[in-house]
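Notes for the one structure printed next.
The values are calculated or read from the model by the stated rules, or taken from the named source; none is laboratory data. Predicted model, so just to flag it, every value in this text is computed and none were measured. No Cβ is skipped: glycine too gets one built from the backbone with ideal geometry, and neighbour counts run over all protein chains shown.
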Amino acid sequence: MARPGSLLLMTDTAHANTELAARLTIDVVDGGGASGTMAEDVLAGLTAERKQLPPKYFYDDAGSRLFEQITELPEYYPTRAERELLEETADGLMAGLRPVEIVELGAGSSAKTRRLLSAPTAHEHLRRFVPMDVSREIVESSALGLLRDYPYLSVHGVIGDFERHLGRIPQALGRRLVLFLGGTIGNLHPPERTAFLTGVRGLLGPGDRVLIGLDLVKDVPTMEAAYNDAAGVTAAFNRNMLWAINRELGANFDPDAFAHRAFFNAEESRIEMHLVPSVAQEVSAPDIPLHVTIRPTETIWTESSYKFTVASIEEMLTGAGLRLEHCYTNEHPDRRFALALAAPA
Ligand SMILES: C[S@@+](CC[C@H](N)C(=O)[O-])C[C@H]1O[C@@H](n2cnc3c(N)ncnc32)[C@H](O)[C@@H]1O
């Protein structure tokens, strides 16, 4: 028989859950963002002369968890650097802009975003948080945590692809701050970046702003170490894409037969991540249908992480109809990172 105390607890929990659910909306676009195009992307990428796969396929549930581990690694300076910048700027930004909603693209766990939600003025003006990500699990779990910790906030999550589904971001409730943190902008090649930022420009009204986290060019050993950690977490993250493709498309990759390789390509100002087979791999996925041989002399290029300068940031924004209003930089030589605040031009 339940004791009165535990009955009370259960009633309280049910009430709390109902209250949280009333503040939560989750929209799932196209069956969950990236999945709709995976077959086409994998077929095109692995039959191309230079084999490649888009980085969005890293982020199944296991991949999202591995990325969270990467953010804590001693070698991975970008998360710490961006957190430091947010620590310095969050209160002033929130008090100055007074956004009614924050839209976060590629939100992941939104761990750093909490610094903005915790700004002293936030509860006075902020009403809604709109995280968009391809990974459903991470959006749902972070939404529940945020609803619990910020009682003034509603959360409208969108599970979708920020390169294809920006039109599914709900109508603005009022002044909007769009966030694109974590250096994710660096995963897009220049033409894709311009298309994406032009789409972001379309989400902004006259008083709205976008805040973008970008990694800055620094000494090569520091940049390369961040993608070659001693614990091998980035290598596991890289190989996880092959496990995800096996599961989703019935492919027969042997992920452990692929080595992780990451290096700085100075000409293109980017870190490149590749998977390299130790011996020739026959890969097939009958449903696509795919059948390719991947030799040790070639690689599968899985990610680029472009590194910027303040000048290249300004040029990129201008090309998308945005005006750089302020570039907050962290001048520590090993942690140089930028938060670019931009307005519609
Ligand atoms: C580098 S992580 C950054 C996560 C978080 N913003 C941070 O700063 O720690 C990239 C995030 O973007 C998401 N993502 C990658 N490509 C995406 C796409 N095309 N559409 C939506 N989300 C995407 C991933 O699932 C992941 O959560």
Tell me, please, whether a residue that is at pLDDT 90 or above, outside the structural domain of residue 132 (by TED's automatic domain parsing), in contact with a helix residue (DSSP H, G or I) (Cβ under 7 Å, 6 or more places away or on another chain) and not aromatic (Phe, Trp, Tyr) can be found in segment 12-23. yes
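Here are 298, 314: which of them is outside any strand (DSSP E or B), assigned by TED's automatic domain parsing to the domain that holds residue 251, at pLDDT 95 or above and surrounded by fewer than 18 Cβ atoms within 10 Å (Cβ to Cβ)? I'd like the intermediate steps shown before the answer.
On the way: 314 fails: assigned by TED's automatic domain parsing to the domain that holds residue 251.
It is 298.
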The number of residues in segment 159-211 that are within 11 Å of the ligand (Cβ to nearest atom) and among the hydrophobic types (A, V, I, L, M, F, W, C) is 9
Taking helices (runs of 4 or more DSSP H) that do not extend beyond segment 157-268, which have at least 1 residues that are touching a helix residue (DSSP H, G or I) at 6+ places or on another chain (Cβ under 6 Å) and within 22 Å of residue 39 (Cα to Cα)? 233-249
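For residue 204, indicate whether it is touching a Pro at 6+ places or on another chain (Cβ under 8 Å) and touching a residue at least 24 places away in the same chain (Cβ under 8 Å). Write out each step before concluding.
Details: touching a Pro at 6+ places or on another chain (Cβ under 8 Å): yes; touching a residue at least 24 places away in the same chain (Cβ under 8 Å): yes.
When the stated conditions are applied, residue 204 passes them.
Could you say which residue among 126, 146, 153 is surrounded by 15 or more Cβ atoms within 10 Å (Cβ to Cβ) and within 16 Å of the ligand (Cβ to nearest atom)?
Sole residue among the options that is surrounded by 15 or more Cβ atoms within 10 Å (Cβ to Cβ) and within 16 Å of the ligand (Cβ to nearest atom): 146.
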I'm trying to understand the selection: among the residues of segment 321-343, which are surrounded by fewer than 18 Cβ atoms within 10 Å (Cβ to Cβ) and closer than 20 Å to residue 198 by Cα? 321, 323, 325, 326, 343
